[in-house]
């Protein structure tokens, strides 16, 4: 499937989805108290192209670039491992935030906002490269992803009540094809998910 999404070019007339999403996330993290620990200059925003034409499935994901507690090294099956470094905008990233296009943009406006807040909330309050961990075995979504997303909807409404600049949210008003009609080519940054590297191979 040709989604019409390309990697970033130098043509100033192209719409840079990742830049637009970064600016929106920066504003969320500046305005909303719950997200003010996040430094978007250490979060690499990227996209992946969905292969299936269906609209259900993964919309976005957050990839932490450190282990639990922010550790750089973890022992697994008797061997030490580290995560391949990602340098983004001149410094080492702590997280990769990936949106799946065109699927993400084909959600409703409210669903898109909830998805953004959903992924940002996964970032550890310590902002140490680890995810936010909840008590119990369901440490990612507290045991109820439905309730998790309900709370994200509350946060999204609180953010909108602060009247952020409309231009930051404008691109979320359109599905993928409508956005293409508005802006032309939709561009973005692609970053491969980093590999785990055995510590004895790290120079």
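The values are calculated or read from the model by the stated rules, or taken from the named source; none is laboratory data. Keep in mind the model is a prediction, meaning the values are calculated, not measured. No Cβ is skipped: glycine too gets one built from the backbone with ideal geometry, and neighbour counts run over all protein chains shown.
When 119, 126 are screened for being at pLDDT 95 or above and surrounded by fewer than 16 Cβ atoms within 10 Å (Cβ to Cβ), only 126 passes. With respect to the conditions (1) part of a strand (DSSP E or B); (2) surrounded by fewer than 20 Cβ atoms within 10 Å (Cβ to Cβ); (3) under 16 Å from the mean Cα position of the chain (by Cα), residue 26 falls short on a single one, namely (1). Quick one: in the stretch 175-189, which of the residues that are in a loop (DSSP other than H, G, I, E, B) and within 19 Å of the chain's Cα centre (by Cα) is modelled with the lowest pLDDT? Top of the filtered list is 189. If you check 65, 58, 101 for being in contact with a helix residue (DSSP H, G or I) (Cβ under 8 Å, 6 or more places away or on another chain) and touching a residue at least 40 places away in the same chain (Cβ under 8 Å), only one passes: 101.
Residue 192 meets each of the listed conditions (1) touching a strand residue (DSSP E or B) at 6+ places or on another chain (Cβ under 7 Å); (2) within 24 Å of residue 94 (Cα to Cα); (3) modelled with pLDDT under 90 apart from (1). For residue 96, the conditions (1) surrounded by 18 or more Cβ atoms within 10 Å (Cβ to Cβ); (2) in a helix (DSSP H, G or I); (3) modelled with pLDDT of 95 or more; (4) out of contact with any helix residue (DSSP H, G or I) (no Cβ under 7 Å at 6 or more places or on another chain) are fulfilled apart from (2). When restricted to residues that are within 10 Å of residue 103 (Cβ to Cβ) and modelled with pLDDT of 95 or more, the stretch 35-59 contains 0. Picking from residues in the stretch 99-119 that are in contact with a strand residue (DSSP E or B) (Cβ under 9 Å, 6 or more places away or on another chain) and in a helix (DSSP H, G or I), the one that is farthest from residue 148 (Cα to Cα) is 105.
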